[in-house]
1. Please indicate, with yes or no, whether at least one residue in segment 296-315 is closer than 17 Å to G408 by Cβ and part of a loop (DSSP other than H, G, I, E, B).
2. Taking the residues in segment 484-503 that are open to solvent by less than 70 Å² (accessible area, probe 1.4 Å) and aliphatic (A, V, I, L, M) as candidates, determine which candidate is nearest to ligand 2 (Cβ to nearest atom).
3. Sort out which residues of segment 556-570 are touching a helix residue (DSSP H, G or I) at 6+ places or on another chain (Cβ under 7 Å), open to solvent by less than 10 Å² (accessible area, probe 1.4 Å) and away from ligand 2 (no atom under 16 Å from the Cβ), and write them in order of number.
4. Look through segment 607-636, keep the residues that are among the charged types (D, E, K, R) and in contact with a Phe, Trp or Tyr (Cβ under 9 Å, 6 or more places away or on another chain), and return whichever of them is farthest from A592 (Cα to Cα).
5. I'd like the full set of residues that are open to solvent by 60 Å² or more (accessible area, probe 1.4 Å) and either free of Cβ contacts under 8 Å to residues at least 40 places away in the same chain or assigned to a loop (DSSP other than H, G, I, E, B) (or both), limited to segment 504-520.
6. For V648, work out the one condition from (1) among the hydrophobic types (A, V, I, L, M, F, W, C); (2) open to solvent by 60 Å² or more (accessible area, probe 1.4 Å); (3) within 33 Å of the chain's Cα centre (by Cα); (4) modelled with pLDDT of 95 or more it doesn't fulfil.
7. Which of the residues belonging to segment 627-644 are out of contact with any Gly (no Cβ under 9 Å at 6 or more places or on another chain) and over 22 Å from E565 (Cβ atoms)?
8. Open to solvent by 10 Å² or more (accessible area, probe 1.4 Å), hydrophobic (A, V, I, L, M, F, W, C) and within 16 Å of ligand 2 (Cβ to nearest atom) - does that describe any residue in segment 583-597?
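The values are calculated or read from the model by the stated rules, or taken from the named source; none is laboratory data. Please read all numbers here as calculations on a predicted model, not as lab measurements. Here the Cβ is made from the backbone with ideal geometry for all residues, glycine too, and neighbour counts use every protein chain on show. SASA here: full protein model, heavy atoms, side chains in, ligands and nucleic acids out. Shrake-Rupley method; radii C 1.70, N 1.55, O 1.52, S 1.80 Å.
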Amino acid sequence: MAGKTLLGKVLAAHLVGGDYVPGGEIKIRIDQTLCQDATGTMACLELEALGVSRVKTELSVIYVDHNTQQNGPENQNDHLYLQTVAAAKGAYFSRPGNGICHQVHLERFGAPGKTLLGSDSHTPTCGGLGMVAIGAGGLDVAMAMGGIPFKIQVPKVIGVRLSGRLQPWVAAKDVILHLLSILTTKGNVGCAVEYFGTGAASLSVPERATITNMGAELGVTCSIFPSDAKTRAFLKAQGREAQWCELAADADAVYDRIIEIDLGALAPLAACPSSPDLVRPVRDLAGKAVQQVVIGSCTNSSLKDMMTVAAVLEKKPVHPLVSLAIAPGSRQVLETLARNGALASMIRGGARILESACGPCIGQGLSPANGAVSVRTFNRNFAGRTGTKGDQCYLVSPETAVAAAVTGVFTDPRALGLEYPKWKQPAKFLVDDSMILPPPPEGTPVEIVRKDTIGAPPVCRPFPKDVDGTVLCRLGDKITTDHIMPAGAFLKHRSNIPVYAKYVFHCLNEAGMPTFSEKAAAVRDAGGQGVIVAGESYGQGSSREHAAICPMYLGVRIVMALGIERIHAANLVNFGILPAVFESRADYEALAEGCKIIGADVPGQLCRNGHVEWTAVRADGSRFTFRCRPVLSAEDLQELLAGGRLNVR
Ligand code: MIC
Ligand code: SF4
């Protein structure tokens, strides 16, 4: 019998339903969950709606790291709700200021061989520790907190054999950017990535985590590294050696595809505006003026990243035409920098120090000037995500970012003329968990603080028998959840669906014209259903279930696309929206905004045939029929027909 992949071993150890066969649907036990505040309020409201009195996982943590700007009372209303609901339900609470959920989870909680489900698409970061760590919508995470197994399609496993060693000034970020240039951000739904080889063994845990983090941009279910001596050393330095165990794939493991990467052959890379897979060598961009550099985010804010940046700033100050901001990923990292003097080097070098949080990565502050080139160590450069329309955002390693900051232009960091700073992981990290509040003992009375900006999750009606749909918009490829539900300044409405829903497809709205939400509500109020038509890879990016809940609130019941990303498809079903894939590109092309979409006995057709026959009626009255294949398992179908998962539990 063929050997097992590491992913297969961990999933098999957690299997509670289904057969582990490629493409099959399985249910797995979830050991740990994480939520952050931007998706977590809704997840916790759903946890309450499910009637869960106490979390049933080994560990559940709720972080506040996204909405920390507090313009108006909404953010702190959320923080108070989350802190008290965590205490009431038996979850840990990581206070604002303690750091970005993925960085903190890696440092303080992640453990090899465990499963982690998080209501954030970058949850796979902890795959760097040998975990099966998966991002999902809030409702799926709430269910996992309540002890309900998580269902997933058995992924195809792409093996990435890393050989050689990274050269000085070439970083883990360049590895994942290189992989993004091969696999791109679309077409990887239903796959996972497993790294192995001597090159993998040479990388530290935070470097591995940079790579697994951006597996989210590939659109894969998760990414995983073996748990080895490097993992042990990291956990030991975090005071958690007891949680280590050795894990690796069998030597004869069979992968669906193998990609070979020689780390020694890589050069510094940059993802160009406005997609993480538009990758070019930095040397091709050399000399291009840069006006802003931001270093941080869950991808690149580890102690090693920060120490490298500080070492450069110690030697060279920020260029006068560049604004440099740095957000260390966790309080552990920030305090270490403060104590070892590296923070002083950053400040002396001219950096603006931000709190340990998502900050500009989610459009909370530091929007670049019009036309300015912004170079960031983040993971997403979707158009407008910085908060500036028409932004020019490039994604790079901390090495390349700081080189741009001190020279004012794109610069291959190897051309800086500096010796590559030596880095040695400390034998002991600075461990202080006082900003992580453990839950009080079960039975302790806790009052959940619920201010009036915190609404209940909306409930959806059962799926209609006969569909009288209207195409509300016809979109192109790679529509992200940032397009569907903007973050940045709008993030503060995440707990208030009627208000947040006003901003669905805000990017499509034109001054003086009815907004998307007004058009959708008009169709809904006339008794019809809204239909969204899109190209390939619809729903890329964030796990935010608001990209399903808010359209559902506006009466959208069908998304028809050439392809739909995994987390978003699950979120659509969870909230009673049918995700369906066109059988032919010509049908997608033939539909236009305003077309009527008629479907007779849709539930019956779905149950009987597994597909739906639709009739489209154009504005001139001409008609054509076409078919779509739903993205649904048998269980999903029942949930969809009931109007979403909250209605069937
Ligand atoms: C993101 O990076 O887009 C976010 C903000 O972390 C999201 C979660 C959210 O929208 O709240 C994610 O990646 O899932
Ligand atoms: Fe936060 Fe950015 Fe990471 Fe999302 S990608 S969790 S916004 S740092």
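1. The first filter runs over segment 296-315 and keeps only residues closer than 17 Å to G408 by Cβ, leaving 309, 312-313, 315.
Subsequent filtering for residues that are part of a loop (DSSP other than H, G, I, E, B) retains none.
The answer is no, given that none of the residues of segment 296-315 is closer than 17 Å to G408 by Cβ and part of a loop (DSSP other than H, G, I, E, B).
2. A487
3. Let us first name the residues in segment 556-570 that are touching a helix residue (DSSP H, G or I) at 6+ places or on another chain (Cβ under 7 Å), namely 556, 559, 562, 568, 570.
The next check asks that each one be open to solvent by less than 10 Å² (accessible area, probe 1.4 Å); those that pass are 556, 559, 568.
Scanning segment 556-570 gives V556, V559.
4. Filtering first and then ranking leaves R629.
5. Residues of segment 504-520 that are open to solvent by 60 Å² or more (accessible area, probe 1.4 Å), as a first pass: 506-508, 510-514, 518-519.
Residues satisfying the conditions are H506, L508, E510, A511, G512, M513, P514, E518.
6. (4)
7. Within segment 627-644, just Q638 meets the criteria.
8. From segment 583-597, those open to solvent by 10 Å² or more (accessible area, probe 1.4 Å) are 583-590, 592-594, 596; that's our starting set.
When the remaining residues are screened for being hydrophobic (A, V, I, L, M, F, W, C), the result is 586, 590, 592.
This time we only want the ones that are within 16 Å of ligand 2 (Cβ to nearest atom), so: none.
No; the residues of segment 583-597 include none that is open to solvent by 10 Å² or more (accessible area, probe 1.4 Å), hydrophobic (A, V, I, L, M, F, W, C) and within 16 Å of ligand 2 (Cβ to nearest atom).
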